[in-house]
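J.: For reference, the structure I am asking about is given below.
The values are calculated or read from the model by the stated rules, or taken from the named source; none is laboratory data. What you are looking at is a predicted structure, and each value in this text was computed from that prediction instead of being measured. Methodologically, a virtual Cβ is constructed for each residue, glycine included, from the backbone with ideal geometry; neighbour enumeration extends over all protein chains shown.
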């Protein structure tokens, strides 16, 4: 049986760990609230953006922008948005395995892999995948300064016909307890699958200045950039919710271990007292 000193040291160590996990849980909860607020704002913005695209397309049914025209797929680009840190349960593992399965099963002859996030970058490097480009330091905090670089490179890849389609793999956020592994096609854009529904009211015909082509050329990169923005924010919210759940479980388990150690401490103390009493009685006899 362990000594009283050893048990007390274990209780102290577990209590320290419990304080850390509890603090991490509170931090994840606060960050999750901010991420949910950003998601709601982003969804509203993208919905209005999609209304605008749909209105333009309705006025120009025969106009086909290169970003809306599907072509035979010879080369495909797959963008994987992973986690920033660990200690979030199976969040990173599940996403990485899901993305790896898509890469291995994709029928395109040539595949370019672009990875966002430290955990996903490290995973695919260790697995021996050829990474076309990686952005391990792109996080929610650096979106405003670095996201334009990523979206511009993706847009140039597609417009130069180096790739025929672009897919996005990430963890979408539904609620604090629900998240889904998601794979969507970024380019070419399918207007029929846009989530935003155009208003029922019929507006007056549009006058285009300088030209419909120029308007679409300005809208498409912004639309792509905002889809990426939403995906990164949702991935961050999913990561925070996973970490919050993991730290809650760890905190509860630490409490259970402390109770078990206290019970062992009491048993050891009682056994020690009983032995000392027996020695005193035996000595007196």
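J.: Select from segment 133-162 the residues that are exposed (fewer than 13 other Cβ atoms within 10 Å of the Cβ) and within 20 Å of the chain's Cα centre (by Cα) and write down the one among them that is nearest to residue 75 (Cα to Cα).
T.: So the residue we want is 149.
J.: Right, another one. Can you give me the number of residues within segment 23-51 that are touching a residue at least 24 places away in the same chain (Cβ under 8 Å) and under 21 Å from residue 84 (Cβ atoms)?
T.: Residues that pass the stated criteria total 11.
J.: In segment 169-181, which residues are more than 12 Å from the chain's Cα centre (by Cα) and within 12 Å of residue 231 (Cβ to Cβ)?
T.: Scanning segment 169-181 gives no hits.
J.: Let me ask something else. So which residues in segment 77-96 are touching a strand residue (DSSP E or B) at 6+ places or on another chain (Cβ under 8 Å) and surrounded by fewer than 21 Cβ atoms within 10 Å (Cβ to Cβ)?
T.: 94
J.: Does residue 4 fit the bill of being over 21 Å from residue 247 (Cβ atoms), in contact with a helix residue (DSSP H, G or I) (Cβ under 6 Å, 6 or more places away or on another chain) and surrounded by 13 or more Cβ atoms within 10 Å (Cβ to Cβ)?
T.: So residue 4 passes the test.
J.: Moving to a separate point now. From the list 166, 184, 189, which one is assigned to a loop (DSSP other than H, G, I, E, B) and within 16 Å of residue 225 (Cβ to Cβ)?
T.: After applying the criteria, what remains is 189.
J.: Could I ask something else about it? Out of everything in segment 58-69 that is more than 30 Å from residue 174 (Cα to Cα) and either within 26 Å of the chain's Cα centre (by Cα) or in contact (Cβ under 8 Å) with a residue 24 or more places away in the chain (or both), what residue ends up being surrounded by the most Cβ atoms within 10 Å (Cβ to Cβ)?
T.: Top of the filtered list is 65.
J.: Here is a follow-up. If residue 231 meets every condition in (1) crowded, with 20+ Cβ neighbours inside 10 Å; (2) touching a helix residue (DSSP H, G or I) at 6+ places or on another chain (Cβ under 7 Å); (3) at pLDDT 85 or above apart from one, which number is that one?
T.: Going through (1) crowded, with 20+ Cβ neighbours inside 10 Å; (2) touching a helix residue (DSSP H, G or I) at 6+ places or on another chain (Cβ under 7 Å); (3) at pLDDT 85 or above one by one, residue 231 breaks only (2).
J.: Can I ask one more? Would you confirm whether any residue within segment 118-132 is assigned to a helix (DSSP H, G or I), within 17 Å of residue 224 (Cα to Cα) and without any contact (Cβ under 8 Å) to a residue 40 or more places away in the chain?
T.: Within segment 118-132, none of the residues are assigned to a helix (DSSP H, G or I), within 17 Å of residue 224 (Cα to Cα) and without any contact (Cβ under 8 Å) to a residue 40 or more places away in the chain.
J.: For segment 207-264, give me the residue count where each residue is more than 21 Å from residue 189 (Cβ to Cβ) and out of contact with any strand residue (DSSP E or B) (no Cβ under 8 Å at 6 or more places or on another chain).
T.: Looking only at that region, the number is 27.
J.: Answer with yes or no whether residue 39 is touching a helix residue (DSSP H, G or I) at 6+ places or on another chain (Cβ under 7 Å) and either in a loop (DSSP other than H, G, I, E, B) or within 20 Å of residue 154 (Cα to Cα) (or both).
T.: No; evaluated as a whole, the condition is false for this residue.
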